[in-house]
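The values are calculated or read from the model by the stated rules, or taken from the named source; none is laboratory data. Predicted model, so just to flag it, every value in this text is computed and none were measured. Every residue, glycine among them, receives a Cβ derived from its backbone with ideal geometry; neighbour counts consider all protein chains shown. Side chains included, ligands, DNA and RNA excluded: accessible areas come from the protein's heavy atoms. Shrake-Rupley method; radii C 1.70, N 1.55, O 1.52, S 1.80 Å.
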Amino acid sequence: MMSTDAVTLNVDKRGIATVALNRPGLHNALDDETISLLAATLETLAEDSTVRMVVLTGSGISFSAGHDPEWLRRLSQFSANELNRYAQQIARLLHTLDTLPQPTLAKVQGSAFGLGVAMVACCDIAISVSEALYSLADVKFGQIPALTAPYLIRAIGERATRRYSITAERFNAGKAKRLGLVHQVVENDELDAAVEHMASQVLLNSPAAMRATKHLIGEIGKQEITPQVMQRCIEHSLTVRMSDEGREGIRALIEMRKPGWMD
């Protein structure tokens, strides 16, 4: 268990790392220190081969309210160079979460606004409580969702991103599921069990194959299906098939036993 004022990290014996925003009194709003700490925590996990899955959540009643108002007040006094450095921090956080090699799951135990929505969109899997609300409210404050838009467009599509980024209206978890931002909506008392069920499903799978799958989808997701792209897919497939876990998985299937990574 690792704990700081703003972020907690717990890795269980199965290799499931739970990263929690820990500013419940501020609805887990983010300032520069929290963003930097969260990014550094995720970067550390990315390098840890014993970590098989990362769960991102929040403490208290909110997942994340987006930016900390006090931090925004200070930000309003920044120079262009200082603003650029802060934008780079946000870009680093979202890119790190989006490209984390391990499977990621957003455990959305409460409402998510602004940057909080983008973090949900960056995770591979998202499970939300039914009472959670979502909002992209940048335009209310004369801003635009420039750093979050690429992840939102990929998650919910360009048309829906246009609507909710322009109107800044709030939408509920049911709408978030229909849009594709979250995959499952449960009641509060069902959230832990739903996350545990999903984690158990993930732990059945080859860690190396899941990492390779994420890398492959990230590489070809927006490309046309050309002969060159198909050749890259073939190369990825061969690499995994020839790997230790690839060979072990086939042997286990033939021998009708559990593969070694499930021991």
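Quick notes on this structure:
- Filtered residue count, region 176-195, keeping only those that are buried (at least 16 other Cβ atoms within 10 Å of the Cβ) and outside any strand (DSSP E or B): 9
- Against the criterion of being farther than 27 Å from Ser135 by Cα, in contact (Cβ under 8 Å) with a residue 12 or more places away in the chain and touching a helix residue (DSSP H, G or I) at 6+ places or on another chain (Cβ under 6 Å), Ala208 qualifies.
- Index of the failed condition, Ile156 passing every other in (1) more than 27 Å from Tyr86 (Cβ to Cβ); (2) at pLDDT 95 or above; (3) under 19 Å from the mean Cα position of the chain (by Cα); (4) not basic (Lys, Arg): (1)
- Counting only residues that are among the acidic types (Asp, Glu) and more than 14 Å from the chain's Cα centre (by Cα), region 78-137 holds 2 of them.
- Count - residues of region 138-153 that are over 20 Å from the mean Cα position of the chain (by Cα) and either within 17 Å of Tyr86 (Cα to Cα) or assigned to a loop (DSSP other than H, G, I, E, B) (or both): 4
- Residue ID - least open to solvent (accessible area, probe 1.4 Å), chosen from residues in region 24-52 that are among the charged types (D, E, K, R) and at pLDDT below 95: Asp31
- Some residue of region 208-220 being over 21 Å from Ile127 (Cα atoms), modelled with pLDDT under 80 and open to solvent by 60 Å² or more (accessible area, probe 1.4 Å): no
- Flag if Leu83 is at pLDDT below 85, of a type outside the set (Phe, Trp, Tyr) and either in contact with a Ser or Thr (Cβ under 8 Å, 6 or more places away or on another chain) or open to solvent by 30 Å² or more (accessible area, probe 1.4 Å) (or both): yes
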